[in-house]
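FYI, it's all coordinate maths here, none of it is from the lab. As the structure is a computational prediction, the values presented were derived from the model and not from experiment. Neighbour counts are summed over all protein chains in view; Cβ atoms, including those assigned to glycine, are modelled from backbone coordinates with ideal geometry.
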Amino acid sequence: MLPFTAAAHNQGPGRTLVSLERRHLVVVAMTGWLACARQVAAAPLPDDLAAAIAAFADGMPVREGRVSLDIAELVDNGNTVPVSVAVDSPMTEADHVTAISLFNERNPQREVAHFVLGPSAGLARVSTRMRLATTQRVVALARMRDGSCWSRTVEVIVTLAACVESEL
Amino acid sequence: MPAQPRRGDVIEIRAMIAHPMETGYRAGSDGQLLAHDLIRWFNCSLDSGNGKELVFSAQLFPAIAANPYLAFHLRANKEGTLHFSWEGDHSFRHTETAPLRVV
Amino acid sequence: MNATHDVKGALDGGTSAVSRRQFLAASTVAGGSLVFAFHVPLAGEALAQPASAEVNAWVVVHPDDSVVIRIARSEMGQGTLTGLAQLVAEELDCDWSKVTTEYPTPGQNVARNRVWGNFGTGGSRGIRESQDYVRKGGAAARTMLVQAAADEWKVAASECRAAAGVITHRASGRSTSYGKVAAAASKLTPPATVALKDPKDWTLAGKRLARLDTVDKTTGRQIYGHDLKLPGMLNAAIKECPVFGGKLKSFNATAAAGRPGVKKVLQVGDTAVAVIADTWWRAKTALDAVIIEWDEGPNAKASSEGFDAILKAGLNAPQAAIGNQNGDALAAIAASARRIESVYSHPHQNHATMETMNATARYTPERCEVWTPTQNGEAALAATSEACGLPVAKCEVYKLHLGGGFGRRGMSDYVRQAVLLAKEMPGTPIKLIWSREEDMTQGRYHPITQCKLTAGLDGQGNITGLHMRISGQSILAAVFPQNVVNGKDPIVFQGLNATGPEAGIGYTIPNLLIDHAMRNPHVPPGFWRGVNLNQNAVYLECFIDEVAHATQQDPLALRRKLMANHPKHLAVLNAAAERGGWGQPAPAGVFRGLAQTMGYGSYVAACAEVSVSAQGVLKVLRIVAATDPGYAVNPQQIEAQVEGSFAYGLSAALYGSCTVKDGRIEQTNFHTYPVLKMEDMPKVETVLVSSGGFWGGVGEPTIAVAAPAVLNAIFAATGRRIRDLPLKDQNLKRA
């Protein structure tokens, strides 16, 4: 059924569901993710998106690579879209990911989430669910301990937007 | 009960909270306007006896879908208590803990 | 002949035991089944048959010179298939009598980087949004075909010309045909740019050509989702919780499970029960025998009376999102010598497509395929992938012609249901058909609204200020909430915007405020042909008539004054009024009403003629509709669409209302949700005022002027101002 009904605002304070799963270090498998990530045509990014990325990078250059962005290429409605970001990194004391951020191109606001990874993260992989207002690019950024920044950009087609007038 | 990882294993932690992530003014069928209501912050820390160490934190924006879901990883080097907290608009705050046992 | 439109269906990825020949043989033997061309594409095979050439994504040419034009949008009776083919064929310069069409699948579109663009068919955008690139596709294909001939003759392409599928080299007199050079053309690099013809030079586009799909529809050869038969297929009926927002609590299948032909009785998602059986009737009657307990949820007590109260309160609420504003309307109204105020309402309505919702799905862990009528093949594909959990690359949707769409089939809810059922019986195609009752009660309804209009008037009959407060349901808030920004749903204001090509108000009003207090009942809204233009045209056009009457001005004269700065709006209004005979005496007992609006890129107006008997019985006698869609691709089809929009719009205005009691929709079939009958249908004349220079839509705009023109005519006939729909619930006796 529809995500928003009269009951929605009656939700109580909420409950965290926590599950822990055993997982072995999977460094080798990560390169597979990188290989099948969808590269996106290099149309220039809108100014506000470029600015948001520059703010994250804090003066460091941003390079494409090392980051994989796992998100459906075609989405029916865009209300709840699973997304995973993984970064190719040994996650050692000397060489690890400190932060991952997600940005979008055409929602009302560019930021989706900023993630900070603790020193014992072990694996630079984060998953969440996001909203997409229309067909657009999603950008994942990772900052390394040495300050270097890496990115991946993927386009997602959101189809329900087709029902709505183009002035949206 | 969470699984018991071996020391040094990397585990995945999933957290979700029921919350509408209301982005704007919409009215329910009773006519009451639903004020914007977002969860803004999530924090997971591990307390293994000498203070809390950050495991993972997130700043969330309206583009995060309702009933926010987060999955992240931790190398299980030490035992302790995991602390989870969600914070948001209108002084929303929800915390929970879960033990982390390591074999 | 231009008859064939192939349905592409793969039985499997190559592992099924049923060969194509076996399938065709079985189909012709089975009594009453309809055989249609089944092409079983193998992995990596191109869409077209062997020995033909895909010159580019839009054009396939066979050796016999027949041309297949690829159509991305959905045909649902609106003629878009033919219109798009005309545009491609115009630039292609092929022989129109040799043209057929086919639908590429959404999976192929995704795999080929969306080479066919957007598949979504709604918002009257099928032609206007794709005309540029489909024409370029046709032009590029022509360029490559001519180049291939020139290469073969070792001459310059500029010395050759193409017409009706024949390429000639003037100097040498040599000629060839498309079929002969298509293979060579398909190997050429597409041109970087192409020049399009000036519409003045069109020979196919702009012409009243017969549609490509009429013959099959008339002979019964056309396959719809309801007709589909696949080997080994089973049929399914479904019931979803009749109270929106409720869930399935429990069900007792004892009486159903043992019935002949019944294979499974099962839960679908959280909210529905379905039966799968060998025939649909057996599934349906077995489902009726299942004892179902619903957890009706928080909306179990919702009612139309409750909605009415909530919406009424919104008319005066302090907080509202502003859609259009200039000057200070509230101050101007307060300071006016005189004011008038009226409250209007528009109910929930059902799409009531002739063909109920349906989808056929077949699932294996390697592949999930769906055959369904859909207004958006890509949305159906995404929904399929999400419902079965397989990646998009392992899913496919085969589009079927729609037995009516009107916006309902842009939603993929029934596709998801079919896929969930198919997952329960891997390898078996499951055809899910909704009963009429299910279709009536599980709609995505025309949103419900009310509107309070307040006008300040000066001593000379001018409007000094106008406040239009809309209270009611937002479609986006339910369907696409991420596009509601700062509490405002922009499409609420269709036809009322200050400016813009999509939906701009046609009046200049010195102090104007149009705002919306959002109030969302639990009934799920959707895009219903015309969307919000329908009620906005009723509200504004009827109220302008009220202002005219209150100030003793002729409704046309008043409008002309207010529309001085809106020449295109005014042109269609004048065209409708003139052809309608406005200003000249009407036959005895016949009265006229006017309405105009703008939406979906086009300007429309109507003049309605009605009579109302002393007992209050309404007869709509004649409608003159004028439309300016800019360019007109097929005038005959435009006239048909305009007529059809009045059939649909008058149906809704006269009879269409979905009410709610105990949380559920009360109207379950056509006995309580009637539609227009032949005897009710007025004569409709269309005046095409194509001013050229832009591309406006045709499918929707004219529907919005149906109700207000008739309502205004009813006032002229009876002196009674009707402000609520549907008309069947109103008293039309002379006031």
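By the Kirkwood approach, averaging reciprocal distances over each pair of separate Cα atoms, chain C gets a hydrodynamic radius of 27.6 Å.
Please report the base-10 log of the normalised intensity I(q)/I(0) for the range B:33-87, using a Debye sum with one equal scatterer per alpha carbon and no solvent, at each q in 0.17 (1/Å). Values, matching the q order: -0.61. Rg ratio for the range C:517-578: its Cα radius of gyration over 2.2 N^0.38 Å, N being its residue count, equals 1.46.
By the count of other C-beta atoms within 10 Å, a proxy for reagent exposure, C:K98, B:K52, C:K301 are ordered fewest to most as C:K301, B:K52, C:K98. Among the residues of C:121-133, the average count of other protein chain beta-carbon atoms within 10 Å of the residue beta-carbon is 2.
Per-residue mean of foreign Cβ neighbours for A:78-84 is 4 (Cβ atoms of other chains, 10 Å radius).
For the range A:57-168, divide the Cα radius of gyration by the Kirkwood radius and give the resulting Rg/Rh value with two decimals. Working shown, then result.
On the way: Rg = 15.1 Å, Rh = 14.7 Å.
Rounded to two decimals, Rg over Rh is 1.03.
Here the scattering of the range C:73-190 is modelled by Debye summation over its C-alpha atoms, one equal scatterer each and no solvent; at q = 0.11, 0.23 Å⁻¹ the log10 of I(q)/I(0) is -0.42, -1.28. Relative contact order for chain C: what is it in percent, counting Cα pairs under 8 Å that are at least 6 residues apart? Once divided by the residue count of chain C, the mean separation gives 13 percent. Computed over the range C:217-338, the Cα gyration tensor eigenvalues convert (square root of 5λ each) into semi-axes of 50, 24, 11 Å, ordered from largest to smallest. Extension gain, C:K217-C:A255: 0.36 nm per intervening residue step, less the Cα-Cα distance, totals 9.7 nm.
If you take the Cα centroid of the range C:51-85 and the Cα centroid of the range C:191-224, the two points sit 9 Å apart. Shown here: the range C:379-464, whose C-alpha atoms stretch 76, 31, 22 Å along the first, second and third principal axes, sorted largest to smallest. Eigen-decomposition of the gyration tensor built on the alpha-carbon atoms of the protein assembly as shown gives equivalent ellipsoid semi-axes of 46, 39, 31 angstrom, largest listed first.
Computed over the alpha carbons of the range C:583-735, Rg followed by Dmax gives 16.4, 52 Å.
Between the range C:660-674 and the range C:585-628, the C-alpha centres lie 29 angstrom from each other. Among A:R145, C:R170, the order by Cβ neighbours within 10 angstrom, fewest to most, reads C:R170, A:R145.
Taking the alpha-carbon centroid of each part, what is the distance from the range B:49-103 to the range C:137-172 in angstrom? After rounding, the separation between the Cα centres reads 68 Å. Remark: mean inter-chain Cβ contacts per residue of C:369-379 equal 3, using a 10 Å Cβ-Cβ cutoff to other protein chain atoms. If you bin every alpha carbon distance in the range C:408-527 into 10 Å steps from zero, what whole percent lands in each bin? Going out from 0 Å in 10 Å bins, the range C:408-527 shows 11, 29, 26, 17, 10, 5, 2, 0 percent. Size of the range C:156-264: Rg and Dmax of its alpha carbons, in Å, are 28.4, 83.
Of C:K452/C:K568; C:K239/C:K677; C:K568/C:K619; C:K677/C:K728; C:K217/C:K683, which ones are farther than 19 Å apart at the Cα?
Values: C:K452/C:K568 27 Å; C:K239/C:K677 29 Å; C:K568/C:K619 31 Å; C:K677/C:K728 14 Å; C:K217/C:K683 24 Å.
Pairs exceeding the cut-off: C:K452/C:K568; C:K239/C:K677; C:K568/C:K619; C:K217/C:K683.
Can you tell me the alpha carbon radius of gyration of the range C:266-385 divided by the globular rule-of-thumb value 2.2 N^0.38 Å? Display every interim value, and only then the final one.
Working: Rg = 24.4 Å, N = 120, 2.2 N^0.38 = 13.6 Å.
Cα Rg divided by the expected 2.2 N^0.38 Å: 1.80.
Put in order of Cβ neighbour count within 10 Å, fewest first, the listed residues C:S645, C:S158, C:S435 become C:S158, C:S435, C:S645.
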